[in-house]
1. Restricting segment 116-175 to residues that are closer than 30 Å to residue 26 by Cβ, basic (Lys, Arg) and out of contact with any Phe, Trp or Tyr (no Cβ under 9 Å at 6 or more places or on another chain), which is modelled with the highest pLDDT?
2. Restricting the first residue to segment 176-196 and requiring it to be modelled with pLDDT under 95, which pairs with a second residue that is not aromatic (Phe, Trp, Tyr) meet a Cβ separation below 7 Å and a spacing of at least six or different chains?
3. Mind checking which residues of segment 81-94 are free of Cβ contacts under 8 Å to residues at least 24 places away in the same chain and surrounded by 14 or more Cβ atoms within 10 Å (Cβ to Cβ)?
4. Taking segment 15-36, which residues are at pLDDT 90 or above and either farther than 19 Å from residue 108 by Cβ or assigned to a loop (DSSP other than H, G, I, E, B) (or both)?
5. Can residue 83 be described as among the hydrophobic types (A, V, I, L, M, F, W, C) and over 30 Å from residue 151 (Cα atoms)?
6. Taking only pairs six or more apart or across chains, which ones have beta-carbon atoms under 7 Å, a first residue in segment 114-137 that is of a type in the set (Lys, Arg), and a second residue that is crowded, with 16+ Cβ neighbours inside 10 Å and in a helix (DSSP H, G or I)?
7. Is there any pair linking a residue in segment 58-80 that is on the phi < 0 side of the Ramachandran plot to one that is among the small types (Gly, Ala, Ser) and crowded, with 18+ Cβ neighbours inside 10 Å, with Cβ under 6 Å and at least six apart or on different chains, and which?
8. Return the only residue of 101, 52 being in a helix (DSSP H, G or I), aromatic (Phe, Trp, Tyr), modelled with pLDDT under 95 and touching a helix residue (DSSP H, G or I) at 6+ places or on another chain (Cβ under 6 Å).
Amino acid sequence: MPPRTRSDGTPQPAVRDRLLDAVDQHLFVTGAIGTPVDAILRAAGASPPSLYKHFGSKTGLITAALQRRLEIWSTVWQDEIDATSHPVRRVLSVYPAMRRYQQEHLQEKWCAFSGTRAAVPQRTPELQQVLDAETELLRSRHAELVAGLGLGPKASATLTSQLVVVYNGLLAQMLREPYEEAIDDAEATALALVESALARRPRGGVTARARESR
């Protein structure tokens with residue numbers, strides 16, 4: 001059987017991809033994590049057997065959608081890191097990465113991972129694993145990038161924690177104002193923290209002024 005096509009003649013995505021796209025849109029962009037399965041199935045043009053065949057359950061579908069988001073987000077962020085050798089720009093790379101992610105990839109009204117944590121207290125091991133992986137990526141990657149600033153161990157740990165708080169604040173602020181403004185404000189806050197840490201750094205640390213990162 002030839003693949004189904006859309007009204008514009010382009011191939012219609014496979015049912016698995018349609019389900020992932022539908023759960024993204026209805027749970028993470030315009031709706032809520034409690035959106036009924038029937039609404040997701042209607043949006044995907046899929047049947048209940050298709051959902052259970054590919055994902056086993058609604059929770060399995062959410063887990064797969066979050067895993068897809070995490071893989072795309074990790075790649076987008078790493079691309080921004082690789083685009084510069086300046087240590088301060090690398091530390092702040094999460095913000096241009098967020099702009100690209102929102103504009104070019106999987107938009108969200110705030111944080112799909114935080115929303116899932118809040119709405120799904122009873123989680124399967126697979127869902128918990130992907131949620132923990134997102135947290136670990138956020139913390140470990142910030143720590144790795146901050147290490148390039150030449151701060152001492154204590155100052156590096158403090159700055160890393162502060163930057164993680166700023167990023168999480170950005171995700172909440174996206175519920176209150178356009179994401180572009182929220183990202184700009186968070187980036188400015190992060191830069192101020194980096195500048196402050198660099199001003200107190202020991203000799204032999206980064207010599208370029210943080211302002212040059214802008």
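The values are calculated or read from the model by the stated rules, or taken from the named source; none is laboratory data. What you are looking at is a predicted structure, and each value in this text was computed from that prediction instead of being measured. Neighbour counts run over all protein chains shown; Cβ positions are idealised from the backbone, glycine included.
1. Step by step, filter segment 116-175, then rank; the result is 139.
2. The qualifying pairs are 179/102.
3. Residue satisfying the conditions is 84 alone.
4. 15, 16
5. It is false that residue 83 is among the hydrophobic types (A, V, I, L, M, F, W, C) and over 30 Å from residue 151 (Cα atoms).
6. As it stands, the answer is 117/131, since those pairs meet every condition given.
7. Partner pairs satisfying both residue conditions: 69/112; 76/97; 77/97; 80/93; 80/97.
8. Values: 52 fails: touching a helix residue (DSSP H, G or I) at 6+ places or on another chain (Cβ under 6 Å).
Exactly one residue qualifies, and that residue is 101.
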